[in-house]
């Protein structure tokens, strides 16, 4: 399947976005409730940080406001990912099981693109603002002189973090082509978001290697936060390269999995 021009992809995504927003606005109470739930979850994380730092001055070399910066960055990336990619990818096991994936495979567009991005969570996008507020608050408290270069690289790394989450979850849901019910794997991955908000220096040995190179959860939020704190541009470039490689691998694996797909509706 050939990749279509960017302009056409943009037009298709606008239609998907519009349809998803119309659907969400039919359930306004649910929309506002999830905004409140996500906001409360983030404030609970901050309360947890406050409790920890009432007993100590640093955790793995990170002080209180550096931790708030890390948690805020993780929240930003997680909410962006949930807004644009998570819902579509999370439904892949059900699409495969019921045979409804066939409808999307017949569309004249890359199937991974349309399946992953067909659902949009506006409630998660609203909560992105909370992450930005606390990242800014942490920077003020740390008295950081954030340059345009570090801010630009930070935003680019946030996008790379989203791409890493997208690629890893895409690889995971391809298992649904062979496993009857793979929904539990998706929920399990959602719980791994919590690892991203832990300083990588808190991990040692095999765990650090595994969550850096095999399942790079520690990369997602730690490196963007370090770029703001110390401008580690080499680590930033390495993260960008990693996200692009993972995206390429996930697309190739998706295409390979489709070649072995037997429709449940046939």
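FYI, it's all coordinate maths here, none of it is from the lab. A quick note: this is a predicted structure, and the numbers were derived from the prediction, not measured. Because the Cβ atoms are built from the backbone with ideal geometry, glycine has one as well, and the counts that use them run over all protein chains shown.
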I want to verify a result. In a Gaussian network model of the chain, Cα cutoff 10 Å, which of these has the top mean-square fluctuation: 88, 205, 61?
205
Sites residue 63 and residue 19 - FRET efficiency at Förster radius 51 Å, r taken between beta-carbons, to 0.05:
0.65
Pairing the Cα long axis of helix 217-230 with the longest principal axis of the chain, what angle in degrees results, from 0 to 90 and rounded to the nearest 10?
40
Please check: in the Gaussian network model of the chain (C-alpha springs, under 10 Å), which one of 156, 229, 44 has the largest mean-square fluctuation.
44
What distance in nm separates the two pseudo spin-label positions at residue 233 and residue 50, each 7 Å out from Cα along the beta-carbon direction?
3.9
Where the convex hull is taken over the Cα atoms of segment 146-266, what is its projected area averaged over directions, in nm²?
8.5
Angle between the Cα long axis of helix 148-173 and the longest principal axis of the chain, 0 to 90 degrees, nearest 10?
40
Centre separation in Å (Cα based) which lies between segment 64-87 and segment 171-203
16
Sum -39500 (n - 2.57) across every DSSP H segment of at least 4 residues in the chain, then divide by the residue count to get the 222 nm mean residue ellipticity, nearest 500.
-23000 deg cm²/dmol
Quick check: the distance between the Cα centres of segment 206-250 and segment 100-151, to the nearest angstrom?
17
Once the Cβ-Cβ distance between residue 245 and residue 204 is put in as r, and R0 is 22 Å, what FRET efficiency do you end up with, to the nearest 0.05?
0.30
Using alpha carbons only, how many degrees (0 to 90, rounded to 10) separate the axis of helix 6-25 from the longest principal axis of the chain?
80
List the equivalent ellipsoid semi-axes of segment 30-136 in whole Å, largest first, each obtained as the square root of 5λ for an eigenvalue λ of the Cα gyration tensor.
36, 14, 12
Taking the chain as a Gaussian network, where each spring joins two C-alpha atoms under 10 Å apart, which residue of 214, 115, 135 fluctuates the most?
214
When mean projected area of the Cα convex hull in nm² is calculated directly from the model, which label among [x] 20.6; [y] 16.3; [z] 15.4 fits?
[z]
